[in-house]
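Below is one structure, written out as structure tokens; comments come after it.
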Amino acid sequence: MITVKLLTDGTRNNRLLGFCLAVISRHSENWPPTEQVLANEFVSWLGVRPFLTRDAMRELCLSKGINLSFSSLAQELRGFNCSFQDKKEIVISEHENVPFADLHTLLHEFREMLEHVFVELGWATLSPKDSLEETAEEFATVARMETGAKEFPAYIEIVGNIETPWQRYLGYVLLVVGFVAYMFTCATLPQYEEMVAEAGRQRYVRT
Amino acid sequence: MESFGSYMRRLRKANGLTLKQVETQAKVSNAYISQVERGLRNPPQPDILKRLARAYDVPHRDLLIAAGHLEEDSAETAKRRQIEEAYEHVRTDPTFKQGTRLKGTHVSLETKRFIVEMYEKLTQRNLLKGA
């Protein structure tokens, strides 16, 4: 009874804890869940969409009790998360110049926060030899793909309502091309970021 | 105290770079870098260090100080030590959970200071005391 009360009180102030408890209750028999399963659960819970402005990201985080800010950080730091008791903060570099990198970083930071909660609850999803950094990267990539996959049927329906056949077919073609391009950018964003960073380094060396 | 050569080797490894890759990025011969890392050559001149600093993602000033080209004043040394100690405290405090997304693996003093400041903000504790 006391445990239930503590958990109820805890989840009221700490929504990340509530989410983790829900995931554990749904997947305890098949633990740990794959990053895809976790990403699917997370995207539905947070309500994250493929394209979000920074203000929309801030509001989403705030709705889950997390402060998100964009700040001028050291050159090597893309994002940072921290939690102490019920206070949770995420800071993302405002100098991210790769499109959608800030959403990727946000999801990366969330995955690290989730793992800290899972560990506290005694339900770690990683073994000591696993790298949380790499897992968070995979999670961010898969979660962004999930957001696209979730929105795709709605767009199909919109295009399906176009009356002129040739316009409808063209719509389908553009939609499929757009979807494939989106998935490709999700999968390759970390590599693209590295390329941009490397190009920046080379430019600096030359000057 | 860590020698200049092993410091340079540690920086290169931390960035996951081979000697060849450093040669390409910084336009410094890989044989020369290898000799510097093994302590067979004196620390490079400031212009070469500038190129290496960029390849290793560290401030040029850090390499100049490590190479003995620049004296770090005692106030700055004290400030640096205070930040390093505070960062170590933050890193090992089990009540404070934190994580980062970094370019490479090097954590600069600026980032360490930022993390300590975030710690101070959340925990209401003062570690830097005006550093």
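What follows is calculated from the coordinates using simple rules that are stated; it is not laboratory data. Quick caveat, the model's predicted, so the values are computed rather than measured. Virtual Cβ from ideal backbone geometry, glycine too; neighbours counted across all protein chains shown.
Under 5 Å from the amide H of residue B:102 lie the amide H atoms of A:78, each residue being 5 or more positions distant or on a separate chain, with H modelled from the backbone and absent for Pro and chain starts. Of all DSSP beta bridges in the protein assembly as shown, what percent run antiparallel (nearest 5)? In the protein assembly as shown, DSSP labels about 70 percent of beta bridges as antiparallel.
Given the rule -39500 (n - 2.57) for each run of at least 4 DSSP H residues, summed and divided by the residues of chain B, what is its mean residue ellipticity at 222 nm, to the nearest 500 deg cm²/dmol? Intermediate values should be presented prior to the final figure.
Values: 7 runs with 80 residues, N = 131.
Here the helix-only value at 222 nm equals -18500 deg cm²/dmol.
Solvent-free Debye calculation, one equal scatterer per alpha-carbon of the protein assembly as shown: log10 I(q)/I(0) at 0.11, 0.12, 0.15 Å⁻¹ equals -0.85, -0.97, -1.30.
The phi-based Karplus calculation (6.51 cos²θ - 1.76 cosθ + 1.60; θ = phi - 60°) puts the 3J(HN,Hα) values of region A:87-94 at 8, 9, 9, 10, 10, 10, 4, 7 Hz, whole numbers, x for Gly and Pro. Sequentially through region A:134-140, phi angles give Karplus couplings (6.51, -1.76, 1.60; θ = phi - 60°) of 5, 5, 5, 5, 5, 4, 4 Hz, Gly and Pro residues having no value and appearing as x. For the peptide B:103-112, the mean number of other protein chain Cβ atoms found within 10 angstrom of a residue's Cβ is 4.
With the highest mean first, a sort of the peptides A:175-181, A:189-195 on other beta-carbon atoms found within 10 angstrom per residue produces A:189-195, A:175-181. Dividing the C-alpha radius of gyration of region B:74-123 by 2.2 N^0.38 Å, with N its residue count, gives 1.17. For residue A:73, the amide hydrogen comes within under 5 Å of the amide hydrogens of A:94, A:95, counting only partners 5 or more places away or on other chains and with H modelled in the peptide plane.
The value of relative contact order for chain A, using C-alpha pairs under 8 Å at least six residues apart, is 19 percent.
Only helices enter the 222 nm calculation for chain A: every DSSP H run of n ≥ 4 contributes -39,500 (n - 2.57), and dividing by all residues gives -23000 deg cm²/dmol, rounded to 500.
Counting, for every residue in A:64-75, the Cβ atoms of other protein chains within 10 Å of its Cβ and taking the mean gives 2. Extension gain for residue A:155 to residue A:168 (0.36 nm times residue separation, less C-alpha to C-alpha distance): 3.5 nm. Dipole magnitude for region B:74-123: computed about the Cα centre from +1 point charges on Lys and Arg Cβ and -1 point charges on Asp and Glu Cβ, it is near 220 debye.
Hull volume per residue, based on the alpha-carbon atoms of chain B and their convex hull, is 113 Å³. The shape of region A:67-207 comes out oblate: with a ≥ b ≥ c from the C-alpha gyration tensor, a/c is at least 1.5 while a/b does not beat b/c. For residue B:9, the shell of other residues with beta-carbons less than 12 Å away shows a net charge of +2, using +1 for Lys and Arg and -1 for Asp and Glu.
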